[in-house]
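One structure is given here, and the rest of the page talks about it.
The values are calculated or read from the model by the stated rules, or taken from the named source; none is laboratory data. Predicted, not measured: the structure shown is a model, and the values here were computed from it. Glycine gets a Cβ as well: all are built from the backbone with ideal geometry, and neighbour counts include every protein chain shown. Accessible surface is based on the protein model in full, side chains and every heavy atom, while ligands, DNA and RNA are left aside. Shrake-Rupley method; radii C 1.70, N 1.55, O 1.52, S 1.80 Å.
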Amino acid sequence: MIFRLLRRLAEKVPNTVHRVVSSMKPQVVFVLGGPGAGKGTQCAKIVENYSYTHLSAGDLLREERSRTGSEFGQLIDNYIKEGKIVPVEITINLLKKAMESTMQADEQKFRFLIDGFPRNQDNLQGWNTVMDGKADVKFVLFFDCSNEVCIDRCLERGKSSGRTDDNRESMEKRIQTYLQSTRPIIDLFEKQGKVRTIDASRGVDEVFGDVKSVFEKEG
Ligand code: ADP
Ligand code: AMP
């Protein structure tokens, strides 16, 4: 009798563990800052040191733009060149799919750095509607530096990036979009006590020193 009970318990334990793990809610850190503030650079270092998957809204949009057969290629291309924010349905769908396929491939990968999102009110509303109760936003990592630093870094990156928006004309528009649309979103999160601000004007390693302190504290 007791052996049968123990055997049944032993059979159940792995199932229970499996169920708990596979139902892990995605844990999200939003990564924001001006164009060229160093979001991608620092996300790569976070991925090396902590168990996070990096999803860049800009990278996902560029991939979708060049995907053969994409119905949104031309539209995305125009928005990116103009430094404007792509309609939220497209961006959120790409982010959701990327999160789902990452977790399907490996259920341990439920921590995400979502870089360059939410960039405006529309993005935020879209997230709240589509992801309500489906993901936890732990905090917002904000890379703070002056517009001049952003412009210099993007123009330098433009020498080799091949990006259609790393030029002076697009930069002016991207900075405007950032100031008008993204800063208010950062302010909104700030009021909720969710923002961890990093001085991004310093060298890569110095910046990462501060990033590390945030992740050691927040887990
Ligand atoms: P973002 O993802 O915010 O657009 P990137 O990480 O691509 O920015 O960085 C923009 C450019 O600036 C890249 O060429 C990168 O090598 C450089 N860069 C990033 N962080 C720093 C830093 N702390 N100091 C100097 N250059 C940097
Ligand atoms: P980034 O790679 O983050 O510098 O983004 C490059 C461009 O992609 C932006 O200027 C926008 O045109 C577009 N983009 C990036 N993130 C978003 C987003 N969250 N919503 C809409 N458009 C975006």
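Observations on the model:
- Cross-link reach list, lysines versus Lys84, counting only Cα pairs under 20 Å and skipping chain neighbours closer than eight places: Lys39, Lys173
- Ellipsoid equivalent to segment 29-75 - semi-axes via the Cα gyration tensor, in Å: 25, 13, 8
- Karplus (6.51, -1.76, 1.60) ³J(HN,Hα), θ = phi - 60°, over segment 175-192, in Hz, Gly and Pro reported as x: 5, 4, 4, 4, 5, 7, 9, 8, 4, x, 6, 5, 4, 4, 5, 4, 4, 8
- All Cα-Cα separations within segment 132-189 were binned at 5 Å from zero, giving a P(r) of 4, 15, 21, 19, 16, 11, 9, 4, 0, each value a whole percent of the pairs.
- Reference-scaled alpha-carbon Rg (2.2 N^0.38 Å with N residues) for segment 170-219: 1.40
- Gain in span if fully extended, Glu206 to Leu179, counting 0.36 nm per residue against the direct Cα distance: 7.2 nm
- For the chain, a Kirkwood radius taken over Cα pairs fed into Stokes-Einstein (25 °C, viscosity 0.890 mPa s) yields D = 130 µm²/s.
- Cβ-placed point charges (K, R +1; D, E -1), dipole of the chain about Cα centre in debye, nearest 20: 920
- Only helices enter this figure: runs of n ≥ 4 DSSP H residues, each worth -39500 (n - 2.57), summed and divided by the residues of the chain, yield -18500 deg cm²/dmol at 222 nm to the nearest 500.
- Reference-scaled alpha-carbon Rg (2.2 N^0.38 Å with N residues) for segment 55-129: 1.12
- Within the accessible area of segment 66-148 (1.4 Å probe), percent carbon and sulfur: 44
- Segment 84-187: Rg to Rh, with Rh as the Kirkwood radius over Cα pairs: 1.00
- Computed from Cα positions, the angle between helix 39-49 and the longest principal axis of the chain comes to roughly 30 degrees.
- Amide hydrogen neighbours beyond the local backbone of Val137, cut-off 5 Å, H modeled: Val28
- Separation of the Thr197 and Lys97 label points, Cα + 7 Å toward Cβ, nm: 3.7
- Choice from Phe112, Phe72, Phe208 showing the highest fluctuation, given a GNM over the chain with Cα pairs closer than 10 Å: Phe72
- Fully extended contour minus Cα-Cα distance, from Ser160 to Glu82, at 0.36 nm per residue: 26.1 nm
- Sequence-distant residues sharing a close amide H with Met24 (under 5 Å, placed H): none
- Whole-Hz Karplus values for segment 106-116 come out as 8, 5, 6, 8, 10, 9, 10, 9, 9, 9, x Hz, taken residue by residue from phi with 6.51 cos²θ - 1.76 cosθ + 1.60 and θ = phi - 60°; glycine and proline positions read x.
- Its residues counted as N, segment 21-151 yields a C-alpha radius of gyration over 2.2 N^0.38 Å of 1.05.
- Nearest-ten-degree value, helix 204-218 long axis tilted from longest Cα axis of the chain: 30
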